Structures are given as C-alpha cells and as structure tokens.
Amino acid sequence: MRMTKTGARVPVTRTETLPIRSGDDVVRIRQAVRTRAIEAGLGLVDQTKIVTAASELARNALDYGGGGEVRVDVLQEGMRKGVRLSFSDQGPGIPDIQKALTDHYTTGGGLGLGLGGAKRLSNEFHIESAVGVGTRVTIARWK
Amino acid sequence: MDRIPILKLGGVLIVTIQVDMHDRLALALEEDLTAKIASTGARGVLIEISALEIVDSFIGRMLDNIAAISRVLDAETVVVGMRPAVAITLVELGLELTGIKTALNVERGMAMMQARLHEDDEDGSARARYED
Ligand SMILES: Nc1ncnc2c1ncn2[C@@H]1O[C@H](COP(=O)(O)OP(=O)(O)O)[C@@H](O)[C@H]1O
Ligand SMILES: [Mg+2]
C-alpha cells in the first residue's frame with residue numbers, strides 16, 4: 001500500500017462537499033460516494049470497498065472529530081478514472097497516528113478497524129493530524 | 001422511532017435488515033432482540049442482510065453484540081444472505097465476526113438452526129432415558 005499525498009495535480013472532473021454532522025449525514029455520504037464510484041466506472045467490489053472506507057472515515061470525523069466535512073472528487077488522469085475522498089474535521093486531532101492505525105486500537109469502544117481498514121480498502125491513503133487543530137484523511141480508489 | 005420488525009418462526013427469531021442502518025436503529029435492534037430472546041426462549045436468531053450494500057465496523061460490532069447476547073441467552077446467531085462484494089470487503093476491513101455463523105440464504109440458515117434444535121432434542125431424550 002502506497003502512502004502518498006493523493007494526487008494533488010490529478011484533473012478533477014466533478015467535485016462536491018458534504019457535511020458530517022449526524023448519523024444521517026453518514027448515510028448520505030455513503031450514497032453520494034456510491035453514485036460517484038459508479039460514475040468513475042468502478043466495479044461492484046471496488047465500489048463496495050470505497051463506500052465502506054467512506055463510512056468508517058465519516059463516522060470517525062463525527063464521533064472523534066466532533067463533525068466535519070468530506071470533499072468527493074471524481075478524477076480522470078488520461079484513461080484512468082477514480083474517486084478521491086477527503087475527510088476533515090477541526091476536532092482534537094490524533095496524538096499518535098501509528099497507534100491509531102493499528103488494528104483493534106480504539107479510544108471509543110469501537111472495533112479499532114476503521115483507519116487501518118480504510119487504508120487497506122483504498123489504493124491511496126494519506127492522513128495528517130495535529131493535536132488541537134484537527135484531522136484530515138484522504139483516500140482514493142482507481143478503476 | 002423506527003424499529004426493525006422481529007418475526008418468530010418455530011424456535012427461531014428472524015430479522016430482515018432492509019434499510020441503511022443508522023446508529024439509533026442498530027441500538028434499538030440490539031435491545032429488542034435481547035428482550036425477545038428472553039421472553040420467547042428462542043434458541044436461534046437469523047439475521048437476513050441481503051439488502052445491505054455494505055457492512056462497516058459499526059454494523060459488524062452490532063452483529064458481534066447480537067451474537068454475544070444470544071450466546072449468553074443460549075441462542076445461536078446465523079447471518080444469511082451476505083452479498084459477495086460485502087463478504088470480500090469485510091475480509092480486507094479486518095472484521096472477523098467470530099462466533100457468527102453464516103449461510104447463503106434463509107432456507108439454509110433455517111436448516112442449520114433446525115439441525116441444532118434437533119440435536120438438543122436428542123441430547124434431551126438421551127438424558128431422560130439415562131435418568132430413567
Ligand atoms: N477524526 C479523528 N479525530 C480524532 N481521533 C480520531 C479520528 N479518527 C480516529 N481517531 C482515533 O483513532 C482511533 C482508531 O480509529 P478507528 O480505527 O476508526 O477505530 P474505532 O473508531 O473503532 O475506535 C480512534 O479510537 C480515535 O482515538
Ligand atoms: Mg472508527
């Protein structure tokens with residue numbers, strides 16, 4: 001798995017930003033990501049992977065980040081299409097990112113699989129977090 | 001508040017999850033199932049999830065919780081109808097769903113339950129004979 005800054009210069013063919021303020025927003029984000037994944041031509045399994053990762057990261061932004069937003073981009077680089085999601089919050093931040101990425105590590109009574117799982121389910125994964133400032137997690141999945 | 005209906009067929013409770021689950025609904029289902037297993041003495045819980053387009057760790061934890069509660073109340077949980085794309089994704093997510101049996105569809109899930117109930121009956125009658 002590559003840990004890259006997810007393609008800042010890749011052309012974006014469509015972009016939208018959705019709020020993460022409630023459990024219902026998490027449901028709406030899943031639906032929006034599904035729609036964009038289909039638009040990018042992702043197959044059923046890849047759609048399911050990116051939607052599942054989106055659900056994990058949206059819930060983290062809600063539960064730990066006190067809410068935030070997600071930017072959903074449909075990407076096209078030559079013949080290659082994909083979806084990029086960028087979740088951000090202005091919450092407490094993550095003091096030890098490596099620890100947070102470890103499977104089964106949780107501070108909230110969860111299963112501790114959200115961050116590590118989202119990384120495994122994506123082709124690109126990037127996380128930045130600063131204590132007292134907030135957290136941004138960006139993932140991408142390519143066709 | 002919305003709730004997910006729980007049906008009873010023989011000694012088995014059947015739940016069909018048809019909506020995109022949100023938090024309150026998941027918690028309500030855990031509570032309702034716990035109460036219903038206790039009040040009916042059901043020996044099995046069959047959860048049909050073919051409508052679910054994803055299973056994330058939140059739903060995974062709900063399934064785990066239901067299975068754990070059922071176990072304590074001496075009932076078995078079988079999850080049926082998981083979509084293949086969901087099953088593939090679960091593995092990569094890292095969800096193990098230990099203690100949860102799965103079956104392809106409701107018929108097979110019911111057959112698994114019936115087999116267990118039947119075994120219990122035989123144990124029971126063997127014990128009864130021994131005690132005679
Ligand atoms: N957006 C966030 N802001 C602050 N902390 C976070 C955020 N996302 C994740 N974390 C921290 O990382 C831990 C692991 O997250 P995750 O892998 O999703 O597991 P879980 O949500 O089950 O705890 C969380 O328990 C929390 O401490
Ligand atoms: Mg999480």
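The values are calculated or read from the model by the stated rules, or taken from the named source; none is laboratory data. Just so it is clear, the structure is predicted and the values come from calculations on it, not from any experiment. In this analysis, Cβ positions are derived from the backbone assuming ideal geometry, glycine residues included, and neighbour counts consider all displayed protein chains. In case anyone asks, the SASA skips ligands and DNA or RNA and just uses the protein heavy atoms, side chains included. Shrake-Rupley method; radii C 1.70, N 1.55, O 1.52, S 1.80 Å.
Residues of the stretch A:76-108 that are more than 12 Å from ligand 1 (Cβ to nearest atom), surrounded by fewer than 23 Cβ atoms within 10 Å (Cβ to Cβ) and among the hydrophobic types (A, V, I, L, M, F, W, C): A:MET79 alone.
Write out, first by first residue and then by second, each pair whose Cβ atoms fall under 9 Å of each other, whose residues are 6+ apart or on separate chains, and whose first residue, in the stretch B:90-109, is under 18 Å from B:SER50 (Cβ atoms) while the second is among the charged types (D, E, K, R) and in a loop (DSSP other than H, G, I, E, B). Note: pairs meeting the criteria are B:LEU90/B:GLU96; B:LEU95/B:ASP56. Select from the stretch A:122-141 the residues that are charged (D, E, K, R) and within 13 Å of ligand 1 (Cβ to nearest atom) and write down the one among them that is farthest from the other protein chains (Cβ to nearest Cβ). Taking the candidates together, the pick is A:GLU128. Among the residues of the stretch A:22-68 satisfying the criterion of being of a type in the set (Asp, Glu) and farther than 19 Å from A:GLY117 by Cα, which is farthest from the other protein chains (Cβ to nearest Cβ)? Per the stated criteria, the residue is A:GLU39.
Being facing chain A (nearest Cβ under 10 Å) and not in a loop (DSSP other than H, G, I, E, B) holds for only one residue in B:ILE54, B:ILE37, B:ILE14, B:ILE88, and it is B:ILE88. If you go through the stretch B:1-58 and keep only what is within 14 Å of B:ASP74 (Cα to Cα), polar (S, T, N, Q) and under 13 Å from the mean Cα position of the chain (by Cα), you end up with just B:THR34.
Check off (1) away from chain B (no Cβ under 12 Å); (2) open to solvent by less than 50 Å² (accessible area, probe 1.4 Å); (3) under 14 Å from the mean Cα position of the chain (by Cα) for A:PRO19 and give me the number that stays unchecked. Unmet condition: (2). Here is a check on your reading of the model: is B:ILE54 within 22 Å of B:GLU107 (Cα to Cα) and either at pLDDT below 95 or open to solvent by less than 20 Å² (accessible area, probe 1.4 Å) (or both)? Spelling it out, it is not the case that B:ILE54 is within 22 Å of B:GLU107 (Cα to Cα) and either at pLDDT below 95 or open to solvent by less than 20 Å² (accessible area, probe 1.4 Å) (or both). Taking each residue of the stretch A:102-115 that is facing another protein chain (nearest Cβ under 9 Å) and looking for partners that are assigned to a loop (DSSP other than H, G, I, E, B) and polar (S, T, N, Q) with beta-carbon atoms closer than 7 Å, six or more apart or interchain, yields A:GLY112/A:THR106.
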